[in-house]
Amino acid sequence: MNDQASQSGVSENLTSGEHAAHNESAEQWMTQLSQRQAYRRSSFKTWLYMVGLLLMLFSATLLPPMAVAGWYDGGEVVLPFAEALGATLGLGLLCWLPVCRFKIDLRNRDGFILVVVFWVLSSLLGALPFILSDQPEIRFVDAVFETVSGLTTTGASVLSGLDTMPRAILYYRAQLHFLGGIGIVVLAVALLPMLGIGGMQLYRASTPGPMKDEKLTPRITETAKNLWYIYVGLNFFCFLAYWLAGMSPFDAVCYSFTTVALGGFAPHDASIGYFQDPVMEWITVGFMLVAMVNFALYFLAWRLRSLSAVYRDPEFRFCMKVVIGIVALACLHLYLDGALLWKSIHLGAFQGISIITGTGLTTASYPAEEHWPAFVPLLLLLGSFFGGCVGSTCGGIKAIRFLLLYKQSVRESRLLVRPTAQIAVKLGDHAIPDRIMQAVWGFYYLYILCYCAFSLALAATGVDLVTAFGTTAACLNNMGVGLGETAGGFSVLNDRATWLMSLAMLVGRLEVFPLLLLFLPDFWK
Amino acid sequence: MAVIGGIVAVTCAYLYFSGAFPLWESLHHGFFQSLSIVTSNGHTTAGYSDWPFFVALLLLLGSFFGGCVGSTCGGIKAIRFLLLYKQSVREIRLLIRPTAQIAVKLGNRPIPDRVMQAVWGFYYLYIFCYCALSLALVGTGLDLVTAFGTAAAGLNNMGVGLGDTASNFSSISDTATVLLTVSMIVGRLEVFPVLLLFHPDFWK
């Protein structure tokens, strides 16, 4: 909600800001130095303006949990949320008021900074209700971890004893997924292609809406609005399905938020395994599959009034093939390991899709050794690097990148046979420019590097190897189910490890580059 | 050399601070063991597998690095990592100034795009082989640590496993032994030649 509304709110200011900028462009005779100073000052105001606005909207999202607290839990649970709302709103006003008459002008560079700043700030402020509440008793580190995990739709939790926790807290966790989910979709469909991260330029042409390279906002506004409708619609249908399958309305809301956002926070300790109900699990499978598809495709399909846009998309086809392949392998292994046919298909499909898409809902006490042979968790762990389509709420490296890497490798081996042949990497009917391929490679390399570095750093905090590999994959891929010691929950990690993993979740969600950029001196020149 | 120096230094420091060995001992063991593993030599001293996890993992990852092309070391090789690193830095620069013309340079010579593509292809396939091999090893019944360690030992031609295979490889099953034999050859021949044989175009 916050993203969509804020973007549209700013857009009016922006269009007038654009005109102003054009008129002033006649006065480009200023010396370089003063120009740079002017830019710096105005971009700082831009950040303040945007951050302030976003924070105020973020504070408004604390109202629904307050209502839930009032309805189910009584006054003492409302208070922490009210305090957090006050603090966030106050901070937002503090940023926004001094510059509220300022005409802002967003550029590429501001996009990077805003994405990082807002994601970090909302993680810190979103942790307030957890800290202020009496129950759960939770420290600052853990509260931040929980919030980051919610907003990045990871679903890794340090909390236990969920079944006795105030409903408002449970709802708030699910709502973090909901907000994070729409934030991510807008980020992936509207913002990252503009900024050109990891080959996402590819999507510049294919997403509907007016196009302008340097100005970000009008397109974001348009796209965000449409994505918002699709996202809310999906949530609503998911809620209906769960409700009809027999969940209480409260559970149905929580589970639909967590399913469509591919998150993983559940209002029960046993996750969806709590219900022991195959129908609900198959509903989850269905909606996870729907939610792992590029949301822009749904928008296109809706406009064309036919689903062929979805079927014909090469990324979608590739994604489905790989996912079905991995799931089939998992089912087969479970079957050969001695499970009944129907049960192995059911468990393989549910758990496979849940982990690959980075949802992290679990059933049958996954990944405990006694029920699951070691092969399956490892297969799914590697699968979680795959993720799903770009422009959905899933984590990992994303299908399109793997598709391009795979095509490139095939091309390489062809070229070895016939060194002089001219072979282009094609997607559908379009040849992919070298520039995009390079960006994809760069992303892949840095992602693997980050994975190794985070695993190493985690091992240095004293956990064993399996835990280090599993936990890092769970966080970097925004998947949320660890291995080894963290299989049951992430509260076993020490403080350093918890901070580290919070960072890993952000790095994975923001697709590595924006965070790295901020540490590059060139960026600040 | 910069990378190897870094890895060796971190190993020594960690061994020292984790209290496994006194200062001189940790320098000695750190130097010996990390050079041995990183260059895929595989000589061991002082019960390497009992060392802290961090060191084992660091060296395991180090073994992917290998050494220079044209020497007898295993792994992905230093030149490729250098190029990958330079390419990534270039990517980040391009994000800031999308229209800039920046070439990847080695010494004074810019690297042709063709070469870069080949390096990327190799990197992707190598990582892919490693994942597939680890997965297959787990499929034969090894535990996770052993599978990761053994696959690295085989593919990088390094020869020191982790977990069950830390001392030697006799404890694994026949299927796993065959898999590892293949993987050593795949790693040594740098992946592509072996894959090519399975490509229908090659035999036309």
Give me the inter-chain shielding for B:120-127: mean count of other chain Cβ atoms within 10 Å, whole number please.
6
Sorted by chain and then number, the residues having a modelled amide H within less than 5 Å of the amide H of A:LEU427, at least 5 places away or on another chain, are A:ILE432
Which order do the peptides A:135-141, B:151-157, B:59-65 come out in when sorted by mean C-beta neighbours inside 10 angstrom, highest first?
B:151-157, B:59-65, A:135-141
Past the 25 Å Cα-Cα mark, which pairs from A:LYS398/B:LYS77; A:LYS45/B:LYS86; B:LYS77/B:LYS105; A:LYS225/A:LYS426; A:LYS426/B:LYS105; A:LYS321/A:LYS343?
A:LYS398/B:LYS77; A:LYS45/B:LYS86; A:LYS225/A:LYS426; A:LYS426/B:LYS105
Could you work out how far apart the two model spin labels at A:ALA368 and A:ALA424 are, taking each label as a point 7 Å from the Cα in the direction of the beta carbon, and quote it in nm?
5.6 nm
Given an 8 Å cut-off on Cα distances and at least 6 residues of separation, report the relative contact order of the range B:78-199 as a percent.
18 percent
Using the count of nearby Cβ atoms within 10 Å as a rough guide to exposure, how do A:SER308, A:SER122 rank from fewest to most?
A:SER308, A:SER122
If you stretched the chain out fully between A:LEU336 and A:ALA67, how much longer would it get, using 0.36 nm times the residue separation minus the C-alpha to C-alpha distance?
91.8 nm
Taking the alpha-carbon set of the range A:424-500, what are its Rg and Dmax in Å?
16.9, 51
The base-10 log of I(q)/I(0) that the Debye equation returns for the range B:78-199 at q = 0.09, 0.10, 0.18 Å⁻¹, one scatterer per C-alpha, is -0.36, -0.43, -0.91
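Read-outs throughout are calculated quantities, based only on the coordinates presented, and are distinct from any laboratory measurement. Just so it is clear, the model here is predicted, and its values are computed rather than measured. Positions of Cβ are backbone-derived with ideal geometry, glycine not excepted, and every protein chain shown enters the neighbour counts.
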